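The values are calculated or read from the model by the stated rules, or taken from the named source; none is laboratory data. Not measured: the values here are computed from a predicted model. Here Cβ is always computed from backbone atoms with ideal geometry, including for glycine, and neighbour counts include all displayed protein chains.
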Amino acid sequence: MAPMKAQAAAGRGPSLLRWTVLAAIGLYLLLPLVATLEFSTRGVGRAARGRRGMAIGTDPDLLDAIVVSLELVLLTVVGMLVPTMAWVHLRVPRLRRAVEFACLLPLTLSPIVLVVGISPIYARVTYVSRR
């Protein structure tokens with residue numbers, strides 16, 4: 001019985017480490033989003049905090065744009081990504097990794113392209129502000 005208890009205790013160690021690493025990565029990814037939300041809703045005084053954030057819900061054009069964006073995301077995922085992944089999973093499992101990579105590539109390229117495209121603008125802004 002003692003070896004079984006030792007194996008069970010040893011099995012909990014990697015699981016705890018795995019959850020700790022996942023929690024740290026989650027905090028690392030969520031902290032900038034929370035900071036952005038806090039900054040965008042920050043008012044001049046404590047009483048004014050949140051008014052700008054609440055104003056988002058009152059602008060009909062912005063709400064329409066958000067709804068259209070969400071509809072496009074849903075249509076894209078349901079209409080293209082899910083059937084493609086299901087087809088590859090059922091018919092060509094050898095290509096599963098390549099298709100997953102191709103499906104995730106736009107998620108990683110967009111921030112890279114954004115940074116590369118905006119960095120010359122920021123370089124120019126800092127040049128002009130130092131003059």
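For the range 5-23, the condition holds for at least one residue, the condition being that it is polar (S, T, N, Q), in a helix (DSSP H, G or I), surrounded by 10 or more Cβ atoms within 10 Å (Cβ to Cβ) and modelled with pLDDT of 80 or more.
Mind checking which pairs have a first residue in the range 72-86 that is within 14 Å of Pro106 (Cβ to Cβ) and a second that is in a helix (DSSP H, G or I), Cβ under 8 Å, 6 or more apart or different chains? Correct list of pairs: Leu81/Cys103; Thr84/Val99; Thr84/Cys103.
Selection of helices (runs of 4 or more DSSP H) fully inside the range 31-127 by the criterion of at least 2 residues being surrounded by fewer than 10 Cβ atoms within 10 Å (Cβ to Cβ) and at pLDDT 75 or above returns 60-76, 82-91.
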